[in-house]
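Enquirer: Have a look at this one.
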Amino acid sequence: MPSPLFSPYTLGGVQLPNRLVMAPMTRNRAGADGVPTDSMTTYYAQRAGAGLIVTEGTQPSAAGQGYPNTPGIHTAEQAVAWRRVTDAVHEQGGRIYLQLMHAGRISHPSLQPDGALPVAPSAVRPAGQVVTTEGLQDFVEPRALTTDEVEAVVQEFAAAATLAVDQGGFDGVEVHGANGYLPHQFLAEGTNQRTDRYGGSAENRARFLVEATTAVAEAVGAERVGVRLSPANSFNDIVEHETEDVYAAVVARLQPLELAYLHVVEGPPGVTEQIRAAWSGTVVVNPAFSLATTPDNLDALLADGRADLAAVGRAFLANPDLVARLEVGADLNAADENSFYGGTDTGYIDYPTLDQVA
Ligand SMILES: Cc1cc2nc3c(=O)[nH]c(=O)nc-3n(C[C@H](O)[C@H](O)[C@H](O)COP(=O)(O)O)c2cc1C
């Protein structure tokens with residue numbers, strides 16, 4: 001049987017040559033003011049063999065920044081620099097979506113405009129420490145957004161998506177609803193103690209993500225919009241036990257929008273299947289840390305209908321020519337964790353291709 005991994009797929013009207021998605025990965029190599037750099041252009045262009053690239057999490061507003069040197073998509077200068085990235089990827093024959101990531105409480109005053117407190121659904125301090133420009137520091141108690149402010153953040157997502165597609169040249173955007181950042185903070189009961197229409201019932205907790213995605217879809221066209229979810233993933237001190245009702249509400253509300261895709265970071269058995277069963281559109285599954293990146297494993301994921309597209313993170317980080325390597329069953333470069341989050345071009349744009357090691 002021919003491998004489904006290397007068969008084409010039509011996503012939101014765009015033809016993908018294969019079913020492999022480069023998962024979003026924060027690399028902390030942007031310049032001052034969140035402006036993408038030339039190294040970032042090289043990094044993404046090197047990986048244009050992916051069926052689809054999803055960029056690193058990118059803040060839709062200055063207040064959305066959660067880590068040092070992450071890129072933004074809220075100023076003209078950022079959009080112009082992103083355009084160089086998307087042009088280079090397109091020239092190499094690739095396709096690229098921007099991930100819209102508002103970190104919410106997973107931030108620090110030193111990363112915020114005027115040293116303000118990070119914002120969140122409720123004033124619940126995350127356990128642990130945050131990476132700042134001055135090293136690791138304790139998380140602070142965030143400031144709860146007012147209802148009017150929540151509506152303003154929804155509009156920031158739409159404005160950022162417009163900038164990404166119209167000026168930045170992206171094929172689409174992915175709303176980051178996973179991994180404990182702002183939209184996930186609304187979904188999870190541990191971080192959302194609101195008593196307005198954005199808190200309480202499953203329907204209310206789903207509302208922020210649904211409104212932000214709806215506004216983004218209205219701004220750039222639903223066929224250019226994906227959403228990422230990580231049900232029951234406790235990353236970033238997320239506490240959510242009532243995943244069934246909340247994710248059912250999310251999927252039921254997103255379904256009629258006819259989005260390009262839903263992207264699920266595989267969680268405990270059951271939850272991913274529940275979402276898959278309820279969603280009639282394209283599903284991207286990131287088998288997360290549970291599965292080795294081998295052609296057989298990825299083919300199995302696609303062949304048994306669990307996913308239409310497979311997303312892979314670290315293997316793409318370390319193998320710019322991952323698709324070509326999987327196609328011939330070649331060994332993969334190992335990823336160097338020390339250069340994941342920031343630093344120089346070493347461990348960023350110097351991973352060799354097969355040609356270079358031959
Ligand atoms: C260095 C690094 C940065 C990441 N940054 C993001 C991010 O910005 N947005 C996101 O949704 N996930 C992010 N993730 C999670 C990955 O998208 C992916 O879910 C995870 O690495 C598991 O997939 P893998 O086993 O194929 O690497 C990151 C992962 C790594 C290793």
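The values are calculated or read from the model by the stated rules, or taken from the named source; none is laboratory data. Predicted model, so just to flag it, every value in this text is computed and none were measured. Ideal geometry is used to build each Cβ from the backbone, glycine not excepted, and the neighbour counts take in all protein chains shown. Note: accessible area is taken over every heavy atom of the protein model, side chains too, but ligands, DNA and RNA are not part of it. Shrake-Rupley method; radii C 1.70, N 1.55, O 1.52, S 1.80 Å.
Enquirer: Let me spell it out: the conditions are (1) at pLDDT 95 or above; (2) open to solvent by less than 10 Å² (accessible area, probe 1.4 Å); (3) not charged (D, E, K, R), and Ile275 meets all of them except one. Which number is the exception?
Expert: The failed condition is (1).
Enquirer: While we're looking at this one, here's another question. Identify the residue in segment 226-243 that is modelled with pLDDT under 95 and of a type in the set (Val, Ile, Thr) and, among all such residues, is surrounded by the fewest Cβ atoms within 10 Å (Cβ to Cβ).
Expert: Ranking the qualifying residues of segment 226-243, first place goes to Val239.
Enquirer: Of all residues in segment 279-297 being crowded, with 19+ Cβ neighbours inside 10 Å and modelled with pLDDT of 90 or more, which is nearest to Val14 (Cα to Cα)?
Expert: Going through the qualifying residues, I end up with Val284.
Enquirer: Among the residues of segment 244-271, which ones are of a type outside the set (A, V, I, L, M, F, W, C) and either open to solvent by 50 Å² or more (accessible area, probe 1.4 Å) or over 27 Å from Glu218 (Cα atoms) (or both)?
Expert: Residues satisfying the conditions are Glu244, Asp245, Arg253, Pro256, Glu258, Glu266, Gly267, Pro268, Pro269, Gly270.
Enquirer: Please identify the pairs in which a residue from segment 234-250 that is among the acidic types (Asp, Glu) has its Cβ atom under 6 Å from the Cβ atom of a residue that is open to solvent by 60 Å² or more (accessible area, probe 1.4 Å) and in a loop (DSSP other than H, G, I, E, B), counting only partners at least 6 apart or on another chain.
Expert: Note: pairs meeting the criteria are Asp237/Ala127.
Enquirer: Another question about this same structure. Just to be sure I understand the filter: pairs with C-beta atoms under 8 Å, separated by 6 or more residues or on different chains, first member in segment 12-25 and in contact (Cβ under 8 Å) with a residue 24 or more places away in the chain, second member within 16 Å of the ligand (Cβ to nearest atom) and basic (Lys, Arg). Which pairs pass?
Expert: So the pair list comes out as Met22/Arg47; Pro24/Arg228; Met25/Arg314.
Enquirer: Between a residue in segment 96-116 that is within 14 Å of Arg143 (Cβ to Cβ) and any residue that is among the hydrophobic types (A, V, I, L, M, F, W, C) and open to solvent by 20 Å² or more (accessible area, probe 1.4 Å), which pairs come within a Cβ distance under 7 Å, given they are 6 or more apart or on different chains?
Expert: Filtered contacts from segment 96-116: His108/Val140; Pro109/Ala116; Pro109/Leu117; Pro109/Val140; Gln112/Ala63; Pro113/Ala62; Pro113/Ala63.
Enquirer: Follow-up question, since we're still on this one. Could you tell me which of the residues Gly66, Gly49 is part of a loop (DSSP other than H, G, I, E, B), open to solvent by 30 Å² or more (accessible area, probe 1.4 Å) and within 26 Å of Ala318 (Cβ to Cβ)?
Expert: None of the others qualify; the one that does is Gly49.
Rundown of residues vs (1) of a type in the set (Gly, Ala, Ser); (2) open to solvent by less than 10 Å² (accessible area, probe 1.4 Å); (3) on the phi > 0 side of the Ramachandran plot; (4) without any contact (Cβ under 8 Å) to a residue 24 or more places away in the chain, yes/no style:
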{"position": "Phe157", "(1), (2), (3), (4)": "no, yes, no, no"}
{"position": "Val173", "(1), (2), (3), (4)": "no, yes, no, no"}
{"position": "Ala188", "(1), (2), (3), (4)": "yes, yes, no, no"}
{"position": "Gly199", "(1), (2), (3), (4)": "yes, yes, no, no"}
{"position": "Ala202", "(1), (2), (3), (4)": "yes, no, no, no"}
{"position": "Val210", "(1), (2), (3), (4)": "no, no, no, no"}
{"position": "Glu218", "(1), (2), (3), (4)": "no, no, no, no"}
{"position": "Arg224", "(1), (2), (3), (4)": "no, no, no, no"}
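Enquirer: When the residues of segment 327-347 are narrowed to those that are at pLDDT below 95 and in a helix (DSSP H, G or I), which ends up nearest to the chain's Cα centre (by Cα)?
Expert: Per the stated criteria, the residue is Glu327.
Enquirer: Next up: Looking at the structure I just gave you, is Ala88 buried (at least 22 other Cβ atoms within 10 Å of the Cβ), at pLDDT 95 or above and more than 15 Å from the ligand (Cβ to nearest atom)?
Expert: no
Enquirer: Something else now. Take the conditions in contact (Cβ under 8 Å) with a residue 12 or more places away in the chain, touching a Leu at 6+ places or on another chain (Cβ under 6 Å) and under 23 Å from Gly49 (Cβ atoms) and apply them to Pro320. Does it pass?
Expert: Taking the combined requirement at face value, the residue does not satisfy it.
Enquirer: Go through segment 234-272 residue by residue and tally those that are hydroxyl-bearing (Ser, Thr, Tyr) and not in a helix (DSSP H, G or I).
Expert: So the count comes out to 2.
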